[in-house]
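Working notes for the structure below.
The values are calculated or read from the model by the stated rules, or taken from the named source; none is laboratory data. This one's a predicted model, so the numbers in the text were calculated from it and none came from an experiment. Note that we place each Cβ from the backbone using ideal geometry, even for glycine, and neighbour counts take in every protein chain shown. Calculation scope for accessible area: heavy atoms of the full protein, side chains included, ligands and nucleic acids excluded. Shrake-Rupley method; radii C 1.70, N 1.55, O 1.52, S 1.80 Å.
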Amino acid sequence: MIVRTAFLLFVLTCFPEMGLGQKSSPMNLERLVREAGVIFGGKVISVKTGEQYTSMRLYATEYTFLVTEQLYGVRGDTMRIRQYGGEADGRKFYPQGVPRFEEGEEIIVFMYPPSRVGMTSSVGKEQGKFMVQNSDSGTGPWVVNSIDNRGLFHRLKHPELLADQSWLEGPMMGRLPYDKFVETLRELVRTLKQ
């Protein structure tokens, strides 16, 4: 019992953003930008999982990305992150709601600053991972997160920074054009991260 309590305290201290099953309303785009330590677009080129910090038996997965869009906190053309959750010795553990990345995926991602033990996760869990989807009609790529971009433009303090003002009209969800999304992120980073 003492070991479990110590482990739980360790996880809560090092990964406060996990919230242990708490449900929350969707974060808007400004909050995703404000809370992120790193924002970038790219392609997953490597996934390695296993046990880290053997005395505590934490599972971790290391992801390597080829960076195509350096939006905030990234230098260079590759980015390596370590995220809590993984597989080792026939066992696996992945925290609920924390997205995983698969080799070959194209994404735009908002990551929290690394914890004291060097691990991170996407801001707002699944809300901070945007899949890049190519269009069959030739209209260009799109971005969408696992909650269909719900709430991204709700109660913005700087709606004038959106590359497309029509995003404020209608249901405030659904896929968005990649180029306009990236343009909006650059403006928000310039305004909110300075």
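Here are a few things to note about the model shown:
- Accessible area per residue was computed with a 1.4 Å probe on protein heavy atoms; ARG34 scores about 120 Å².
- Area of VAL47 that stays accessible when all protein chains are in place (1.4 Å probe, Å², to 10): 60
- Summing charges over all other residues whose Cβ lies under 11 Å from the Cβ of ASP164, with Lys and Arg as +1 and Asp and Glu as -1, gives -2.
- Carbon and sulfur %, accessible surface of the range 57-158 computed with the full protein complex present, 1.4 Å: 44
- Signed unit charges on C-beta, dipole axis of the range 48-194, positive-most listed residue ALA88, LEU162, LEU58: LEU58
- For the pair ARG186 and GLN70 in one chain, pulling the backbone fully straight at 0.36 nm per residue adds 40.8 nm over the alpha carbon distance.
- Taking all protein chains together and rolling a 1.4 Å probe, THR61 ends up with roughly 0 Å² accessible.
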